[in-house]
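Worksheet: one structure, shown below.
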Amino acid sequence: MGVERVQEIANFSKETIPEEFIRTTYEQPALTTVQGTVLEVPVIDLSDPDEEKVVRAIVDASSNWGMFQVVNHGIPRETVGKLKEVGKAFFELPPHEKEAYAKSPGSQSIEGYGTKLQREVEGKKAWVDHLFHKIWPPSEINYQFWPKNPPSYRKNNEEYAKHMHGVVNKLFRCLSLGLGLEGNEMKEAMGGDNMVYLLKINYYPQCPRPNLALGVPAHTDMSAITILVPNDVQGLQACKDDHWYDVEYIPNALIVHIGDQVEIVSNGKYKSVLHRAKVNKEKTRISWPVFVEPPSDLEVGPHPKLVNEANPPKFKSKKYSQYCFCKLNKTPK
């Protein structure tokens, strides 16, 4: 114990929020969001039999936006619903039950229940608690961080992971073909069947001053790709042409973020999306991103077939674990 959770702070914060949650003026959503304009992020039908059309749409979205939504993705609505149900139920448990899954101080692992994720710039805190654990492959799973309550938590998460493979394979195939590579080469560059699926539940409690705080500050994802479902409370924002816009979530879609590793392997053709999360005064927002990542000891760099004299490598190759350490600790990459 000893760590103050945002959920607990929210219970006692009725009109104001502690100073450490008030963002600087260049970050406050009320001052930095383009008002009255919702970003119409590309929506792609993954069931379209015209693969070339799907590839073109994904290439365009990944090059110009770094973010898109997919529909008809093959994950049953019921499976997504059950994932959300048990995740929400975990955060509604009494504090002492949640603390049983807390990250131990000084742990090198990202997994577990927690509040602080990375080095805080200017001492500012994000209005969010989280739970991290791996859901694939079986050899990487540590059930110590999977809640035992509610009892169906494990079953529902395993079911979601099982259905995730089809979406992941389709996305990597399209990203690969869009670079002029063979359909399997992008996935292989990320570790093939050894890629890791890291689930995070973001729990953003009601916030009395949502205009001053952020759920998650501006960042790009370290992963290869991120596949996310939220609850019905909007809050995702993306940066386009140096301006912040609200992103409207389409019910039953999956939101896909291009992460840093796909930008690196594509040698900059695909763009990792800069995004952040707002909070809400009336409602709790929850989201379930799955970070699809290379194995920690895999070295990731621009794909050899995409590099030549005319197009030299824009990124250094490095082990994924080293990349993450540098980014989380804000040290030079």
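If you scan region 182-234, which residues turn out to be in a loop (DSSP other than H, G, I, E, B) and polar (S, T, N, Q)?
Asn184, Gln206, Asn211, Thr220, Ser223, Asn231, Gln234
Would you pick out the residues in region 302-316 that are within 17 Å of Met186 (Cα to Cα), open to solvent by less than 90 Å² (accessible area, probe 1.4 Å) and touching a residue at least 40 places away in the same chain (Cβ under 8 Å)?
Correct list: His303, Leu306, Val307, Pro313, Phe315.
Quick one: count up the residues across region 123-145 that are assigned to a loop (DSSP other than H, G, I, E, B), touching a residue at least 24 places away in the same chain (Cβ under 8 Å) and among the hydrophobic types (A, V, I, L, M, F, W, C).
3
Within region 32-63, can you find the residues that are open to solvent by 40 Å² or more (accessible area, probe 1.4 Å) and either without any contact (Cβ under 8 Å) to a residue 60 or more places away in the chain or at positive phi (or both)?
Result: Gln35, Gly36, Asp45, Ser47, Pro49, Asp50, Glu52, Lys53, Asp60.
With (1) closer than 16 Å to Gln261 by Cα; (2) surrounded by 12 or more Cβ atoms within 10 Å (Cβ to Cβ); (3) in contact with a strand residue (DSSP E or B) (Cβ under 9 Å, 6 or more places away or on another chain) as the list, and Asp297 as the residue in question, which single condition is left unmet?
Exception for Asp297: condition (2).
Tell me yes or no: at least one residue of region 251-272 is open to solvent by 20 Å² or more (accessible area, probe 1.4 Å) and either farther than 22 Å from Leu39 by Cβ or among the aliphatic types (A, V, I, L, M) (or both).
No: zero hits.
With the requirement that a residue be touching a strand residue (DSSP E or B) at 6+ places or on another chain (Cβ under 9 Å), within 20 Å of His257 (Cβ to Cβ) and not charged (D, E, K, R), what does region 35-62 give you?
Val38, Leu39, Val41, Pro42, Val43, Ile44, Leu46, Val54, Ala57, Ile58, Ala61, Ser62
Go through region 66-92 and count every residue that is in contact with a strand residue (DSSP E or B) (Cβ under 8 Å, 6 or more places away or on another chain) and among the β-branched types (Val, Ile, Thr).
Residues in region 66-92 being in contact with a strand residue (DSSP E or B) (Cβ under 8 Å, 6 or more places away or on another chain) and among the β-branched types (Val, Ile, Thr): 4 in total.
Determine the pairs where a residue that is over 17 Å from Asn211 (Cα atoms), located within region 1-21, has a partner that is modelled with pLDDT under 90 and among the acidic types (Asp, Glu) with Cβ atoms under 8 Å apart, the partner being 6 or more residues away or on another chain.
The qualifying pairs do not exist here.
What's the total number of residues in region 182-225 that are touching a helix residue (DSSP H, G or I) at 6+ places or on another chain (Cβ under 6 Å), open to solvent by less than 30 Å² (accessible area, probe 1.4 Å) and within 29 Å of Lys281 (Cα to Cα)?
4
Taking Pro312 as meeting all but one of (1) touching a strand residue (DSSP E or B) at 6+ places or on another chain (Cβ under 8 Å); (2) in a loop (DSSP other than H, G, I, E, B), write down the number of the exception.
(1)
Out of everything in region 160-181 that is among the small types (Gly, Ala, Ser) and assigned to a loop (DSSP other than H, G, I, E, B), what residue ends up being least open to solvent (accessible area, probe 1.4 Å)?
Gly178
Across region 71-95, what is the number of residues that are in contact (Cβ under 8 Å) with a residue 24 or more places away in the chain and over 18 Å from Leu199 (Cβ atoms)?
The qualifying residues number 5.
The values are calculated or read from the model by the stated rules, or taken from the named source; none is laboratory data. Because the structure is a prediction, the values reported are computed rather than measured. Methodologically, a virtual Cβ is constructed for each residue, glycine included, from the backbone with ideal geometry; neighbour enumeration extends over all protein chains shown. Note: areas computed on protein heavy atoms with side chains; ligands, DNA, RNA excluded. Shrake-Rupley method; radii C 1.70, N 1.55, O 1.52, S 1.80 Å.
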